[in-house]
1. Give me the pairs: first residue in region 255-282 and among the aromatic types (Phe, Trp, Tyr), second residue outside any helix (DSSP H, G or I) and surrounded by 18 or more Cβ atoms within 10 Å (Cβ to Cβ), beta-carbon distance under 6 Å, and six or more apart or on different chains, which are they?
2. Tell me, yes or no, whether region 59-71 has at least one residue that is of a type outside the set (Gly, Ala, Ser) and part of a helix (DSSP H, G or I).
3. May I ask you to verify whether Asp55 is of a type in the set (Asp, Glu) and part of a helix (DSSP H, G or I)?
4. Take Ala127 and decide whether it is outside any loop (DSSP other than H, G, I, E, B), surrounded by 17 or more Cβ atoms within 10 Å (Cβ to Cβ), under 17 Å from the mean Cα position of the chain (by Cα) and touching a residue at least 12 places away in the same chain (Cβ under 8 Å).
5. Modelled with pLDDT of 95 or more, over 30 Å from Tyr248 (Cα atoms) and crowded, with 22+ Cβ neighbours inside 10 Å: does that describe Leu51?
6. Only one of (1) surrounded by fewer than 18 Cβ atoms within 10 Å (Cβ to Cβ); (2) closer than 18 Å to Lys2 by Cα fails for Lys271. Which number is that?
7. I need a count of the residues in region 353-393 that are outside any helix (DSSP H, G or I) and either surrounded by fewer than 16 Cβ atoms within 10 Å (Cβ to Cβ) or aromatic (Phe, Trp, Tyr) (or both).
8. Go through region 255-268 and give me each residue that's surrounded by fewer than 22 Cβ atoms within 10 Å (Cβ to Cβ) and in a helix (DSSP H, G or I).
Amino acid sequence: MKSVWFHMQSYRDLPDDFSKKYESIWVTPPNDVLCDPVKSGEYFRANMDELEYADEVGFDGIGVNEHHSNGYGYCVSPNMVAMPLARRNSDAAVVVLGNTLPLYNPALRVAEEFALLDCVSNGRLVAGFPVGSAMDTVGVYGTPPTQVRQRYYEAHDLITQAWTKPGPFAFNGQFNKLRYVNPWPKPIQKPNPPIWLAGGGSIETWKFATDNNYTYNYLSFTGYKFAKALMDGYWEQVAKAGLDDNPYRAGFAQIVLVADTDEEAKKLYFKHVQNFFAKGLHVPPYIGGAPGFMSAESVKFNMKHRAPPRDPYEQTWEDFRADKRIIAGSPETVIAEMTEAAESLRVGHFMLLMQLQSMDTALTKYNTKMYAERVMPYIRDYWDKQGYKDHWWPTGATQKPRVKLAAEQKEPAE
């Protein structure tokens with residue numbers, strides 16, 4: 001299975017009473033009160049340091065995404081963050097998951113910037129095409145909720161045509177009207193970089209994935225226990241479409257925290273887990289669930305299968321672990337639970353969330369190094385040994401493990 005070190009890039013220093021004093025982490029938290037530009041610069045420099053460190057210790061991919069007007073993950077331009085990663089002398093995939101397509105008008109901008117990233121990285125780009133959250137698309141950018149999907153599909157068509165058709169050509173859509181589509185350059189990867197979809201619960205995304213043979217990635221903080229119903233639905237759609245059951249068709253976002261022992265993990269990470277779930281996910285339903293953003297079928301499905309609401313400050317470490325919202329503990333514990341998650345959800349790509357909002361760089365690097373050295377080598381071949389190949393991995397990124405088992409690292413005897 002592939003391990004992608006995924007950085008949400010949160011605002012790290014929110015007041016203790018944040019969730020009581022402010023209505024939401026997204027859309028409305030007052031920027032002049034809460035968001036210090038000097039600290040933001042420090043945080044983003046730390047983010048880059050952590051992403052580059054994950055590359056250095058051997059993660060298969062390095063991941064970033066796009067969000068707006070929030071403290072949960074305020075990387076407004078993932079392509080700007082991805083460019084320094086793309087120019088590194090590395091064979092790690094650059095996973096931009098992704099550019100929120102409905103926010104770009106014209107969406108040709110995404111085709112251009114992704115193509116440039118692919119060229120600079122020498123074909124290591126994963127092109128993420130998320131529909132986006134209601135908070136970003138409707139709340140921040142003011143897109144009518146019933147137009148979000150229409151804009152998304154049209155943007156997808158424009159971008160893929162820009163990558164595959166000879167230019168210049170005309171594109172006359174409802175939202176994008178261009179006399180000349182002629183991007184310089186086109187991507188290195190042909191016909192285009194692998195396209196990964198990112199889903200937060202809309203079942204329409206399953207069919208779009210199978211219709212186009214894209215990877216579907218469920219980005220959730222409920223953990224793999226509550227994700228199983230949704231991922232089972234996706235695999236039913238895969239079977240209905242007559243496609244094979246290759247686990248690399250799927251990905252999942254999971255919080256993972258590693259230490260020498262289970263007890264040490266609790267000591268190091270518990271306050272950060274509580275802080276993140278209390279502040280980072282503080283979004284009221286009237287902001288997170290704009291009417292018309294999701295179809296009736298998706299709303300019904302999510303209401304039936306969603307995790308019950310909880311007060312994070314009333315939850316124990318054992319509660320977070322029992323619900324699988326976090327995979328945390330010793331290397332042996334994490335190996336066992338990562339394997340269980342992969343098998344339960346049938347996923348080949350893990351977006352690993354290893355920096356939780358208030359965690360400093362030293363602790364983040366410790367967590368990253370522990371996973372890279374004492375977990376990743378022991379789970380890397382899980383699906384490959386069963387005969388599956390990752391057809392959705394960028395051609396310029398290595399297809400081989402970037403780290404080795406300790407036994408394989410020993411110098412040969414003289």
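The values are calculated or read from the model by the stated rules, or taken from the named source; none is laboratory data. Quantities reported herein were computed from a predicted structural model and do not represent experimental measurements. With ideal geometry, Cβ positions are generated from the backbone for all residues, glycine too; neighbour counts draw on all protein chains shown.
1. If the second residue must be outside any helix (DSSP H, G or I) and surrounded by 18 or more Cβ atoms within 10 Å (Cβ to Cβ), the pairs left are Tyr269/Leu257; Phe276/Leu356; Phe276/Gln357.
2. No, region 59-71 has no match at all.
3. Yes, satisfied.
4. Yes, satisfied.
5. So Leu51 does not fit the description; no.
6. (2)
7. 10
8. Within region 255-268, Asp262, Glu263, Glu264, Lys266, Lys267, Leu268 meet the criteria.
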